[in-house]
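Notes follow the structure.
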Amino acid sequence: MVPLARFLSTVGYIGFAPIAPGTWGSAAGLLLLVALRWTGSASLELAAVVVLLAVGIWSADVTGRAMGDEDPGPVVIDEVVGMLITLLWIPVGLTGALLGFLLFRIFDIVKPFPARQCEQLPGGWGVMLDDVMAGVYGQLVMRAAVAFLPAWFS
């Protein structure tokens, strides 16, 4: 089970990138979002978030225990989920997608309340839920931006 969990939690080993693995994981999330949008199914976007969150909790927990670290750096499935949440159901073009990417990375790094507290949860829950909160913050800011500056995001 450990090799499968490691493969999934590191998003096909992207998390082992020597520089900025979280940023690479977020970029993988953005690419996944593009693929999901290409299908034209809004419900598939939500399904991907739910499934990847569940897979992430399990795989991050197993990988963390195997590596002897509750939140090992190579685990980046949390960034994929957070990135998907940031842009979930928000119609954006390239500018909006890049802004969403930047916002998510900022919220993921800064971890405003209660993201930092979520990080303290045990195992895979803590790994995943702080990024879920960062994604929620990104989602809220993106919705406000689209509402007030719609021409920027089409």
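The values are calculated or read from the model by the stated rules, or taken from the named source; none is laboratory data. A quick note: this is a predicted structure, and the numbers were derived from the prediction, not measured. FYI the Cβ positions are ideal-geometry reconstructions off the backbone, even for glycines, and counts take in every protein chain you see.
Residue pairs whose Cβ atoms lie under 8 Å apart, sitting 6 or more positions apart in sequence or on different chains, and linking a residue in the stretch 140-154 that is within 13 Å of G100 (Cα to Cα) and hydroxyl-bearing (S, T, Y) to a partner that is surrounded by 11 or more Cβ atoms within 10 Å (Cβ to Cβ) and at pLDDT below 90, do not occur here.
The sole residue among L102, L98, L32, L87 that is out of contact with any helix residue (DSSP H, G or I) (no Cβ under 6 Å at 6 or more places or on another chain), in contact (Cβ under 8 Å) with a residue 40 or more places away in the chain and closer than 18 Å to G135 by Cα is L32.
Among the residues of the stretch 101-147, those that are among the β-branched types (V, I, T) and either farther than 17 Å from L88 by Cα or at pLDDT 95 or above (or both) comprise I106, I109, V110, V127, V132, V136, V141. Scanning the stretch 2-40 for residues that are in a helix (DSSP H, G or I) and polar (S, T, N, Q), which turns out surrounded by the most Cβ atoms within 10 Å (Cβ to Cβ)? Within the stretch 2-40, the match that is surrounded by the most Cβ atoms within 10 Å (Cβ to Cβ) is S9. The criterion of being surrounded by 15 or more Cβ atoms within 10 Å (Cβ to Cβ), farther than 24 Å from A144 by Cβ and out of contact with any Lys or Arg (no Cβ under 9 Å at 6 or more places or on another chain) does not hold for G73.
Do you know which of the residues in the stretch 88-100 that are small (G, A, S) and either at pLDDT 95 or above or under 15 Å from the mean Cα position of the chain (by Cα) (or both) is surrounded by the fewest Cβ atoms within 10 Å (Cβ to Cβ)? Write out each step before concluding.
Narrowing the stretch 88-100 to residues small (G, A, S): 93, 96-97, 100.
Cutting the leftovers down to either at pLDDT 95 or above or under 15 Å from the mean Cα position of the chain (by Cα) (or both) gives us 97, 100.
On the way: A97: 20, G100: 28.
Here the residue is A97.
In the stretch 110-132, the qualifying residues are those that are without any contact (Cβ under 8 Å) to a residue 24 or more places away in the chain and assigned to a helix (DSSP H, G or I), and the one that is nearest to the chain's Cα centre (by Cα) is L129.
The residues on offer are S59, S43, and the sole one that is assigned to a helix (DSSP H, G or I), free of Cβ contacts under 8 Å to residues at least 12 places away in the same chain and over 20 Å from I106 (Cβ atoms) is S43. Checked across the stretch 109-129, the condition of being under 24 Å from V34 (Cβ atoms), in contact with a Phe, Trp or Tyr (Cβ under 7 Å, 6 or more places away or on another chain) and crowded, with 17+ Cβ neighbours inside 10 Å holds for no residue.
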